[in-house]
Structures are given as C-alpha cells and as structure tokens.
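Below is one structure, written out as structure tokens; the observations come after it.
The values are calculated or read from the model by the stated rules, or taken from the named source; none is laboratory data. All values derive from a computational prediction rather than experimental measurement. FYI the Cβ positions are ideal-geometry reconstructions off the backbone, even for glycines, and counts take in every protein chain you see. SASA here: full protein model, heavy atoms, side chains in, ligands and nucleic acids out. Shrake-Rupley method; radii C 1.70, N 1.55, O 1.52, S 1.80 Å.
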Amino acid sequence: MAPLNKKTIREAAGLMGAAERVYVLSGAGMSTESGIPDFRSPKTGLWEKMDPVKTSSVDALMQDPEQFYRVAFKRYSSLIGTEPNIGHYALAEMEQLGFIRGVITQNIDGLHKKAGTRRLFEVHGHVRTCRCLSCGKRHAMEELLMQLEKDLPLPKCSKCPGMLRPDIVLFGDPMAEDYFAALEALQTDCDLLVVAGSSLSVYPVAAMPGMVSRLIIINLQPTPFDREARVVIQEKCGETLSAILAELKGRPGS
Ligand code: NAD
C-alpha cells in the first residue's frame, strides 16, 4: 500500500490543532479494520448481499419477530465479541489529550466505548443492552442472547411477558436520544468536524456535515461533502487517524 501523503496529514493536523472545538463523526468504515463489514464498500459491503431496510426494520421485527431473531439479529450479535482497531484508539487518545471534544458515531458495535472514548454519542444505539417492548425495562444484551442460545424462539422480559428487542435504531425507529445531544453539540460547540469512514448517505446523520463551518473527510470512497471539505483523505481510517495523532503530538506546544 502506498504511504500516506504527509502533506495532507500535516494539513489535517494543522486544522485540528488550530480549531478549538473539534468533533469526529464516524461510520461503518471506521470498523471495517476490526473485521466488521460496512454497508456500501464495493464487493464487501452488506448492501450487496441483502437489503437492510427489509431485514433490519421495525416492520420486520414486529411482523415476523421469529424470522428477525433467526436471521437479521445474527448480524448484531456477531458485533459483540469484536475489538477496537488503531483508529478507535487514536480517537480515544485525541480526546484524552484535548484535541477533540467527542465522537458522534453511527456505529452500533460499541468499539469507540471499548477503546476508551468518554464523550460518545451513539446516535443509532448500541449492542450492549436490550429493552422490553411492553414494560420498557432495560436489560444487558446477554439476557436476550442467553434465551436465543437456549433455542427459545423469542426473547422475553424477566419482569413481564413482553418481548425483548435490541437497543439499536432499526429502519423506521425514532433516533436515539444521543442523536439530539449530538445535534446540540454540533450547533453550539463545534468549529471543525472530522468525518471518518462514512459514505454520508444515511439520513438524518448525513445532514450533520452541512451544519458545521469546517470539515475534514477521511473515507476510502468519495462522499457528497467532499467539495465542501477543507481536507479530503481517501485512505484507511486506522492509519490516517494514527498518523494525524502522531503529528498533533509532535507539534510545538502540544
Ligand atoms: P456506509 O457503509 O454507507 O459507508 C462506509 C464508508 O466507509 C464507505 O464509503 C467506504 O468507502 C468507507 N470505508 C470502508 N472501510 C474504510 C476504512 N478502513 N477507512 C476509511 N473508509 C472506509 O456506512 P455509514 O455511512 O456508516 O452508513 C451506514 C449505516 O450502517 C449506519 O447507519 C450504521 O449504523 C450502519 N452500520 C454499522 C456498522 C457497525 O456498527 N460497525 C456496520 C455496518 C453498518
């Protein structure tokens, strides 16, 4: 693989070092280096194998929950044992060192949290918990998994006869509370947004880059916001974010 373009990395680090209020918006491309397929990468993207709108929607869950748990849910449960990659760790360190204020993620895999990011907005939920559709009680995801492993067709709440569902935002669901908190952060507290590994095509999150004055985009493929961005890096998130972190740490006064 060709080495990263040092000039572009310096430019990105220069913008991040000069800005006071930097946030990162990550997408599925952030986690492909952890072995999790995204939706839209050519050949490997899940979209080429199935239609997530059909299989991963509230309608699919409510109309045929047994089928949802037999098929679509396997993709969510497979995320549970995954591990963060160097990109997730670089972002956690950037936050610790004060270079970024937080991470907004579309990912449900929980890898930013595992890597140590503290100010995290998981706008599509996460796979750590589930909740009862009748009484609303939250449970650890293990509660749901244990029942499926015992071959029970539907996971049930331990407090009432209701069915459990994962705490992720399915197509047709309202956005998670974190989404509204992230919107507020972008509108009141952000002068630079770094997009990492997102095609910027899933709304409403895809509207977020349009809310900020300055953008950096790190994504293997072009995005609809590339023209507006100050810097566009078409390289992998992991090595790019690690290189930007190294550059930020090496700058005078940091
Ligand atoms: P997307 O699949 O639409 O786009 C991912 C983008 O990342 C692509 O443009 C691809 O070129 C790029 N990419 C892939 N690997 C990369 C890498 N190593 N470095 C840099 N770029 C890379 O993903 P999206 O924009 O996040 O939107 C899809 C939706 O899919 C989101 O709502 C998200 O919730 C969901 N999703 C999440 C996961 C997860 O939690 N890990 C996985 C698949 C889908």
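Numbers below:
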| quantity | calculated |
| --- | --- |
| Cα gyration tensor category, rounded, prolate or oblate, for region 99-254 with a/c compared to 1.5 | prolate |
| Within the accessible area of the chain (1.4 Å probe), percent carbon and sulfur | 52 percent |
| MET146 paired with ALA181, simple spin-label distance in nm, labels 7 Å along Cα-to-beta-carbon | 2.8 nm |
| 29 Å Cα-Cα reach of LYS236 towards lysines, excluding residues that sit fewer than 8 places from it in its own chain | LYS6, LYS7, LYS43, LYS49, LYS74, LYS113, LYS114, LYS249 |
| Euclidean distance between Cα centres, region 223-240 to region 189-203, Å | 10 Å |
| Theoretical FRET efficiency, 1/(1+(r/R0)^6), r = Cβ-Cβ of ASP226 and SER77, R0 45 Å, to 0.05 | 0.80 |
| Segment ARG119-ASP51, extension gain: residue separation times 0.36 nm, minus the distance between their alpha carbons | 21.3 nm |
| Accessible area expressed per residue, region 33-139, with surrounding protein chains retained (probe 1.4 Å, Å²) | 49 Å² |
| Residue-averaged [θ]222 nm for the chain, counting only DSSP H segments that reach four residues, each worth -39500 (n - 2.57) | -9000 deg cm²/dmol |
| Beta bridges per DSSP with both ends in the chain, % antiparallel, nearest 5 | 30 percent |
| Accessible area (Å², per residue) of region 194-254, counting only protein heavy atoms and a probe of 1.4 Å | 45 Å² |
| Approximate spin-label separation ARG138-SER213, in nm, with each point projected 7 Å along Cα-to-Cβ | 3.6 nm |
| Dipole-positive endmost among SER158, VAL231, LEU215 within region 131-254 (Cβ charges, Cα centre) | SER158 |
| Cα centroid of region 131-182 to Cα centroid of region 48-90, whole Å | 13 Å |
